[in-house]
């Protein structure tokens, strides 16, 4: 079985939070504002709460089988064959997630920063870094994510505070967006945006058990919900909802608007730094999870040999969509709206099945 | 066909994954685990030693009568070889002569004499390594005094000499010929009388050495001005002067086959985690090398990762710094002939501290550290940021500066990346040259050379003027790094940043930064993760970047798992809790009665 | 074998390095436009003018001024140390490409500080040209949007400075002068574009023009020199001579993307007072107690203007409270306004003046053009709960029905460094 090492609560929270907030840098904000206009900032809070509820249900499943990772639970409850298939679905889902995130990142960077560079150079460098991260292992990724989270939060605070002269509270009115029902509906629908937190269930042994799992999951969901909500809020405050639904990347546009005097303007290139850091952590974790789930399913002791083939798969997924429009309308839409079907529904079904079949894990002596 | 197959196999072997052998990694366990292990070990050792003593007592010879003794002596004339010491004086002299290649080797000296006309004896030493005063006055004189040997019997006199006659202060019995050779090499004197099967060594070290001088590399303004020198005994003494703790232990280990280098390992027993001491000893003991040139080579032989850019052991030439690290719970390694001591295990933060911070008042401790960090930032990233900004992100530069740079670059034929690499390489060249030019000229030439070269290059339109400033600030930042190895590592890293910055702008810079960060985070220095306490989040240290006042530093660093982490109680300045002896109350109008 | 593989890797990497750096451009491979101008073209859609600084005179052999100052060669477009270039094409981006056929370096828009549209083009609608600026990654949305009287090409040719060397600095500082006088607003492209697509308000832009120095009539000793405070002057008509010909005063008012009218200098000030962006300015009012004598005052907003809205039987009612603080600049009549008893009189004068001005400006916007450039829509939106209702109501059409109540609260705080003016003593000839 794979040895993954252990890391503490703070690092786990940092890891999950970074994975969840990276989407604030991309196009998701725009889609949400288009759907709900001025109430986008609490539509996302609704999504967060729904995700918390679903997470608590998954926690119940994990509590039934203390100290067993989700792959093993699948096999215990549904039998070897179907359990393996379910785990492999998750592995494929993480590869798809990594590939789509990478593609979105490449599109963004080509739009804003490096328009004429061939995308394969960008992807190659990125994948090299990601494979190196996955090679070092989960402990290294967790430690690095702690440092990255500090950097990203400092940068994010700067981007949100510096355009202060442009903020106008009146832009938030009318308060309820297109209508309360649309807000609620969008919120519910996009609960999948926070569903990536499920990866914690696969590395329970590294985060010291089920109690920590609950604590880490809830803290990081709350934290990331707050941060994304504040980001959307600032985006609406600075640009009214009409323009906010046009910007390709809300945060980047905010950073482009910073202007204090002749010398302190157009400083958005500094923010490339934090955005690349967050994206690398995001893709590195998804990539590592896919390789690790695969190895756990087939009881391979070392995940390192499988990194290169997975890198190749991710590369293929990255290059599949034909244009930015396809990325936004197919890949990202699937990830933000429908992924709950995979990430939450499957564990829930397994929970129901375990209740029906009466399978339980052994109680551990504390 | 076969050749093709071999070629194919070789090709495939490059892309197949070779699993590393499953080596167990060293880690520092918590203190309670160790104490349990230690207790078990102690009980086991006691049993063994008692057992051994019984055995050795059993092998001691019983006193024999004279007649029997003569027979025995004639019967068992042991050969002097590498394992045993002969009881015949001539054989021993020949053995030592053979070992030292005398009479060709003029360094070794034999002084044969008769004690009280009855016993043949000799002393042997290496000329120049010994203090002749001690040999003349305290070894030869009492031995040649017949008075003391009036009523002695036949046989081995060494025991009697040691107890009643010899006036030296340190005496050891040597039963092993290899040890005997080593003692001579260390500068001690061997004494032998006929009939014994062991030597006596006297401590007579007197080789010439430098005195205790001011520190060369790590100067401070307000602090002690003593530095280590090449003599091991002096160095250990300098540390012991500062740490007056009976538990401060020094262990000696020898390294090397052709030249046995003496290493000393110092630690505070009962404070340092025994696992660290054990690991250090284990690594040094299991070295099988020819010759180690000093502590630089020793560091390379026992460090965790040879190919790492960043050093994982701290080198310092100041005894007060060594002492403060010892009290933290670290281990110091000192090596004969090298005026540096190595401290293990260290974290990245130890490498950027300097002694000045502890001696300065609080506001400056943190402020200077921040400036040093700024220096490190400039040294690593400034040229890369310059290249990335001017090639990819011109919008960040204010327009006036941009036009000025463009105007200056108008007549320069090279692209920016070539300019930067050219200037960096010539700067490195100037630095290397500056080290080797003798005397005062060296330092001045370095600076002036750089300035004049830079100015001339700008005049000749080879580089643009902004670049000179960038390279100069980078050089200054590099000098601000307190640790020489770290500065060298940063110099290398800078080139990687420049190349990636020229390739992909800020995106490339960030990618290299992430790789470096991940690399640092996964390094371990003798079991302590390198970026603790930030990366694995352990107890908050009070001395990382911002330094708390001295009276607030209550805990030792957690990463080392020392035995007893508290250093001082919460209130260490007890004088603040009570009133001064001469005091008055200051309520009401302070100026009453004036 | 190892050597062969390492050679292969080095070769690949270096080919990667040299071929993929298409984004890395040397600084002197590009010229950085400072200002873009758009005119109505004759044979095509748009006539684009760009101005960028040259790199002459930058070698380190000392500062040899090439061409001297004030040398404008109309044919080759060299203006001081910049070059002005014009081309006619079908769109802005294509115009840039066409220019590259003759310009030796790539024209880059990353440092562009302003974009100028001619008035004729603005009256026809500029929505086609807002799009590429908003979408293109190089342009900054913090550049100023200027509408000019006359042709943008001539306008840009006058964009030079006699005070210093750097045109870029002059441009940045020029738009900062809005903070010290309030005669023209600051309209970054971001605000303009936002207002074009916004359901809350309509856009406005800085109005600028070229002064040909002919408006300063020759001195006439017989003229009565009447006091005419707050006259309406269009840019280009200010009676002055000296320094730049380029001047910015007043606002151009837009409905959607079409220009429909202009505001004069004082009306701009009232607009800025209502939107709380007025910083300070000198206002001259006629002394009620002594006609033909002026009282110049240094006024600024005391606190942000309070705007409250509510609906009375489906008529929107807007209450505006402006708080003004003033310092006395001069009292030409030497009436003792600094005395406590007289100050309220002065305050009232100021209040009536400003109230009249604001009401007239808003009425002008309501009745003549029906454009809400004051962003009242944002306050009206507070009365709605959902965006669908608000959009159905379509505030922009109902602006003309709104009832506006203006209240001005003026306070003269300081009197300069003089208090009380002693009367001037004249000596009369005894008959």
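Before moving on, here are some points about what is shown:
- If the condition is being surrounded by fewer than 22 Cβ atoms within 10 Å (Cβ to Cβ) and within 14 Å of chain C (Cβ to nearest Cβ), then the range A:83-115 contributes A:107, A:108, A:110, A:111, A:112, A:115.
- Filter result for residue B:159 (without any contact (Cβ under 8 Å) to a residue 60 or more places away in the chain, out of contact with any helix residue (DSSP H, G or I) (no Cβ under 8 Å at 6 or more places or on another chain) and surrounded by fewer than 13 Cβ atoms within 10 Å (Cβ to Cβ)): no
- Boolean, residue A:305 is within 13 Å of chain B (Cβ to nearest Cβ), modelled with pLDDT of 90 or more, over 25 Å from residue A:109 (Cα atoms) and in a helix (DSSP H, G or I): no
- Scanning the range C:385-431 for residues being outside any loop (DSSP other than H, G, I, E, B) and in contact with a strand residue (DSSP E or B) (Cβ under 7 Å, 6 or more places away or on another chain) gives a total of 15.
- Total residues in the range B:230-259, condition in contact (Cβ under 8 Å) with a residue 12 or more places away in the chain, under 17 Å from the mean Cα position of the chain (by Cα) and either on the phi > 0 side of the Ramachandran plot or assigned to a helix (DSSP H, G or I) (or both): 8
The rows are residues; the columns are (1) modelled with pLDDT under 80; (2) under 30 Å from residue C:163 (Cβ atoms); (3) in contact with a strand residue (DSSP E or B) (Cβ under 7 Å, 6 or more places away or on another chain).
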site: C:4; (1), (2), (3): yes, no, no
site: C:34; (1), (2), (3): no, yes, yes
site: C:39; (1), (2), (3): no, yes, yes
site: C:60; (1), (2), (3): yes, yes, no
site: C:72; (1), (2), (3): yes, yes, yes
site: C:81; (1), (2), (3): no, yes, yes
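- Test for residue C:280: is it under 16 Å from the mean Cα position of the chain (by Cα), surrounded by fewer than 17 Cβ atoms within 10 Å (Cβ to Cβ) and modelled with pLDDT of 85 or more: yes
- Neighbours by Cβ (under 8 Å, 6+ apart or cross-chain): first from the range A:26-42, on the phi < 0 side of the Ramachandran plot and within 14 Å of chain C (Cβ to nearest Cβ); second crowded, with 24+ Cβ neighbours inside 10 Å and not in a helix (DSSP H, G or I): A:36/A:177; A:38/A:177; A:39/A:177; A:40/A:177
- Criterion applied to B:445, B:492, B:476, B:520 was being more than 30 Å from residue A:278 (Cβ to Cβ), surrounded by fewer than 21 Cβ atoms within 10 Å (Cβ to Cβ) and in contact (Cβ under 8 Å) with a residue 60 or more places away in the chain, and the one residue passing it is B:476.
- Flag for residue B:277 being closer than 30 Å to residue B:521 by Cβ, touching a residue at least 40 places away in the same chain (Cβ under 8 Å) and touching a helix residue (DSSP H, G or I) at 6+ places or on another chain (Cβ under 8 Å): no
- Yes/no for residue C:289 being at pLDDT below 85 and within 30 Å of residue C:380 (Cα to Cα): no
- Residue B:578 being more than 24 Å from the chain's Cα centre (by Cα), farther than 30 Å from residue B:385 by Cβ and modelled with pLDDT under 70: no
- Inter-residue pairs, beta-carbon under 7 Å, first farther than 30 Å from residue B:525 by Cβ and in the range B:558-585, second part of a helix (DSSP H, G or I), 6+ apart: B:573/B:551
- Here residue C:150 passes the criteria (1) surrounded by 22 or more Cβ atoms within 10 Å (Cβ to Cβ); (2) outside any helix (DSSP H, G or I); (3) touching a strand residue (DSSP E or B) at 6+ places or on another chain (Cβ under 8 Å) except the one numbered (1).
- Look at (1) closer than 24 Å to residue B:409 by Cβ; (2) part of a helix (DSSP H, G or I) and you find that residue B:487 fails only one, number (1).
- Residue check, residue C:393 buried (at least 17 other Cβ atoms within 10 Å of the Cβ), within 14 Å of chain A (Cβ to nearest Cβ) and farther than 20 Å from residue C:274 by Cβ: yes
- Residue match in the range A:253-272 (condition: free of Cβ contacts under 8 Å to residues at least 60 places away in the same chain, more than 13 Å from chain B (Cβ to nearest Cβ) and over 30 Å from residue B:18 (Cα atoms)): yes
- Elements of the type helices (runs of 4 or more DSSP H) sitting completely within the range B:286-403 and holding at least 2 residues that are within 14 Å of chain C (Cβ to nearest Cβ): these cover B:362-391.
- From C:160, C:135, residue being over 21 Å from residue C:373 (Cβ atoms), within 13 Å of another protein chain (Cβ to nearest Cβ) and either surrounded by fewer than 16 Cβ atoms within 10 Å (Cβ to Cβ) or at pLDDT below 85 (or both): C:135
- Out of B:295, B:357, sole residue that is at pLDDT below 85, closer than 20 Å to residue B:567 by Cα and in contact with a strand residue (DSSP E or B) (Cβ under 8 Å, 6 or more places away or on another chain): B:357
- Residue in the range A:229-243 that is over 25 Å from residue A:159 (Cα atoms) and outside any loop (DSSP other than H, G, I, E, B) present: no
- The strands (runs of 3 or more DSSP E) found entirely in the range C:191-272 that carry 1 or more residues being over 14 Å from the mean Cα position of the chain (by Cα), outside the structural domain of residue C:356 (by TED's automatic domain parsing) and surrounded by fewer than 17 Cβ atoms within 10 Å (Cβ to Cβ) are C:258-263.
The values are calculated or read from the model by the stated rules, or taken from the named source; none is laboratory data. Every value quoted in this text rests on a predicted model; they were computed, and no experiment measured them. Here the Cβ is made from the backbone with ideal geometry for all residues, glycine too, and neighbour counts use every protein chain on show.
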